[in-house]
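Student: This is the structure I want to talk about, given as structure tokens.
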Amino acid sequence: MITQSNAVPRQDLATSDDEFLEDVLDGLSQRQKTLPCKYFYDERGSQLFDDICQTEDYYVTRTERAIMERYIPEMAALVGPGASILEFGSGVGEKIRRLLTSLEAPHSYTPMDISYEPLMASAEQLRQEFPSLTVDPVCGDYLQPWPSMPVFLRSSQRLVYFPGSTLSNFTPEQASDFLSRIAKLLGSGGGLLIGVDLIKPIEVLHDAYNDREGVTAEFNKNVLSRINQALDGNFNLESFEHNAFFNEQHNRIEMHLCSQVDQRVEIAGQEFRFSQGESIHTENSYKYSTQHLHQLFSRTGYRVVDFWTDPNQYFSVHYCTV
Ligand code: AVJ
């Protein structure tokens, strides 16, 4: 992890090639081959994700934005003045602007993200746009132990912002653990503003992860080209097919890459066999009902103060306090 207080800027430790290689070899050695979804987000992958967010079929981003637009004054009133905000997975810092301009005199902003360059660039830009705001970027994987974050912890008006349904990528156990950790970090009186995707008709879900422009398929396959480039792999991208479907038993979209033929792939000198039809499980995206969420929040130490949805009830934003 890197915080601003580390005087010397360093490469992103959270995405070192050594760790990447270890995770890839590990994942592809399992019976159901798998790859951690965090590796989608290299520069090209982040661009492709942005493109997904703009497709007609992917309702998630646009629906959350509409909820925020409509209800942000209510949210800001609940949060109150002088907030210090910690955001997990801040990306290029797009969503926070809307919140910063609506909150009354926000005091500080601590973005945490795995991608070093966009994190630092957006921190610098926010400092210029909001001169009275203390911006204290923290680079790292938020599923790992967190660094100290002194600026955030010094405040008694703590707000954690976790938009975009990133929680969807966590298993239910990871989601509980993560929310519990945040509750402890927030302490009594702290607030959580969180956007989570909801269960909906299966066709809508299916289309969102199988968009007609094929951007999601490209996003999924990009992890293979990343392995080829960074880890000296020889995946033939044409011989893998994007497959995304809703697993009703687990309430989750699963994304896979299916081998179209029997084949062998080499990565950093190590060989992996794929039989025809065998898949690599690349992502889970869990969908929740508001009842699920309310149970989850109360089990992990929160009280739901208010929540907002869109007219179709496709997406939810919750404000909870500890
Ligand atoms: C960033 C986890 C919310 O699950 O909808 C989009 C990622 N994957 N299309 C999601 C994603 C394929 C996205 N989250």
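The values are calculated or read from the model by the stated rules, or taken from the named source; none is laboratory data. Note that the structure is a prediction, hence the values are computed from the model and not measured. Because the Cβ atoms are built from the backbone with ideal geometry, glycine has one as well, and the counts that use them run over all protein chains shown.
Student: How many of the residues in segment 51-95 are touching a helix residue (DSSP H, G or I) at 6+ places or on another chain (Cβ under 9 Å), assigned to a helix (DSSP H, G or I) and away from the ligand (no atom under 16 Å from the Cβ)?
Tutor: Going through segment 51-95 one residue at a time, the tally reaches 6.
Student: Just the residues that are farther than 27 Å from Tyr288 by Cα and either of a type outside the set (Asp, Glu) or surrounded by 18 or more Cβ atoms within 10 Å (Cβ to Cβ) (or both), please, taken from segment 199-233. Steps first, answer last, please.
Tutor: The initial filter retains those residues of segment 199-233 that are farther than 27 Å from Tyr288 by Cα, namely 222, 224-233.
If the condition is that a residue be farther than 27 Å from Tyr288 by Cα and either of a type outside the set (Asp, Glu) or surrounded by 18 or more Cβ atoms within 10 Å (Cβ to Cβ) (or both), then Asn222, Leu224, Ser225, Arg226, Ile227, Asn228, Gln229, Ala230, Leu231, Gly233 are the ones that fit.
Student: Hey, another quick one. Can you name the number of the only condition in (1) touching a residue at least 12 places away in the same chain (Cβ under 8 Å); (2) within 18 Å of Asn284 (Cβ to Cβ); (3) not hydrophobic (A, V, I, L, M, F, W, C) that Asp177 fails?
Tutor: (1)
Student: Are any of the residues in segment 157-168 surrounded by fewer than 21 Cβ atoms within 10 Å (Cβ to Cβ) and over 18 Å from the mean Cα position of the chain (by Cα)?
Tutor: The answer is yes, given that some residue of segment 157-168 is surrounded by fewer than 21 Cβ atoms within 10 Å (Cβ to Cβ) and over 18 Å from the mean Cα position of the chain (by Cα).
Student: Here is a follow-up. Which condition number does Gly140 fail, the rest of (1) small (Gly, Ala, Ser); (2) crowded, with 17+ Cβ neighbours inside 10 Å; (3) at pLDDT below 95; (4) more than 16 Å from the chain's Cα centre (by Cα) being met?
Tutor: (4)
Student: Go through segment 201-235 and give me each residue that's farther than 21 Å from Asp23 by Cβ and among the polar types (S, T, N, Q).
Tutor: Within segment 201-235, the first condition is being farther than 21 Å from Asp23 by Cβ, and the residues that meet it are 201-218.
Across segment 201-235, the qualifying residues are Asn210, Thr216.
Student: Taking the stated definitions as given, is Gln11 outside any helix (DSSP H, G or I), more than 16 Å from the ligand (Cβ to nearest atom) and modelled with pLDDT under 95?
Tutor: Working: outside any helix (DSSP H, G or I): yes; more than 16 Å from the ligand (Cβ to nearest atom): yes; modelled with pLDDT under 95: yes.
Taking the combined requirement at face value, the residue satisfies it.
Student: Hey, among Ser180, Ser115, Ser176, Ser188, which residue is hydroxyl-bearing (Ser, Thr, Tyr) and more than 21 Å from the chain's Cα centre (by Cα)?
Tutor: Numbers: Ser180 fails: more than 21 Å from the chain's Cα centre (by Cα); Ser115 fails: more than 21 Å from the chain's Cα centre (by Cα); Ser176 fails: more than 21 Å from the chain's Cα centre (by Cα).
Only one candidate passes the filter, namely Ser188.
Student: Can you confirm whether Glu218 is part of a strand (DSSP E or B), within 14 Å of the ligand (Cβ to nearest atom) and at pLDDT 95 or above? Don't jump to the end; show me each part of the working.
Tutor: Details: part of a strand (DSSP E or B): no; within 14 Å of the ligand (Cβ to nearest atom): yes; at pLDDT 95 or above: yes.
When the stated conditions are applied, Glu218 does not pass them.
Student: Quick one: would you say Arg31 is in a helix (DSSP H, G or I), modelled with pLDDT of 95 or more and among the basic types (Lys, Arg)? Break it down into steps so the answer makes sense when it comes.
Tutor: Values: in a helix (DSSP H, G or I): no; modelled with pLDDT of 95 or more: yes; among the basic types (Lys, Arg): yes.
Considered against the rule, which asks whether it is in a helix (DSSP H, G or I), modelled with pLDDT of 95 or more and among the basic types (Lys, Arg), Arg31 comes out as no.
Student: Sticking with this structure for a sec: Would you point out which residue out of Asn243, Asn210 is within 16 Å of the ligand (Cβ to nearest atom), polar (S, T, N, Q), in contact with a strand residue (DSSP E or B) (Cβ under 9 Å, 6 or more places away or on another chain) and in a loop (DSSP other than H, G, I, E, B)? Give the steps one after another, and end with the answer.
Tutor: Details: Asn243 fails: in a loop (DSSP other than H, G, I, E, B).
Only one candidate passes the filter, namely Asn210.
Student: Can you tell me how many residues within segment 81-103 are of a type in the set (Ser, Thr, Tyr) and within 24 Å of Phe178 (Cβ to Cβ)?
Tutor: Here is the first cut: in segment 81-103, the ones of a type in the set (Ser, Thr, Tyr) are 84, 90, 101-102.
Then keep just the ones that are within 24 Å of Phe178 (Cβ to Cβ); that gives 84, 90.
Going through segment 81-103 one residue at a time, the tally reaches 2.
Student: Of the residues Glu238, Glu254, only one is part of a helix (DSSP H, G or I), acidic (Asp, Glu) and farther than 20 Å from Phe20 by Cβ; which?
Tutor: Selected residue: Glu238, the only one of Glu238, Glu254 that is part of a helix (DSSP H, G or I), acidic (Asp, Glu) and farther than 20 Å from Phe20 by Cβ.
Student: I would also like to ask the following. Among Leu86, Leu103, Leu119, Leu159, which is in contact with a Phe, Trp or Tyr (Cβ under 8 Å, 6 or more places away or on another chain) and not small (Gly, Ala, Ser)?
Tutor: Details: Leu103 fails: in contact with a Phe, Trp or Tyr (Cβ under 8 Å, 6 or more places away or on another chain); Leu119 fails: in contact with a Phe, Trp or Tyr (Cβ under 8 Å, 6 or more places away or on another chain); Leu159 fails: in contact with a Phe, Trp or Tyr (Cβ under 8 Å, 6 or more places away or on another chain).
The match here is Leu86.
Student: On to the next question. Any residue that is in a loop (DSSP other than H, G, I, E, B) and closer than 30 Å to Ser289 by Cα - is there at least one of those in segment 115-136? Walk me through how you get there before you give the answer.
Tutor: We begin by selecting, within segment 115-136, every residue in a loop (DSSP other than H, G, I, E, B); these are 115, 130-133, 136.
Keeping just the survivors that are closer than 30 Å to Ser289 by Cα gives none.
Checked against the condition, which is being in a loop (DSSP other than H, G, I, E, B) and closer than 30 Å to Ser289 by Cα, segment 115-136 yields no hits at all.
Student: Residue pairs, Cβ under 6 Å, 6 or more apart or interchain, first in segment 148-170 and in a loop (DSSP other than H, G, I, E, B), second within 16 Å of the ligand (Cβ to nearest atom) and at pLDDT below 95. List them.
Tutor: Pro163/Lys95
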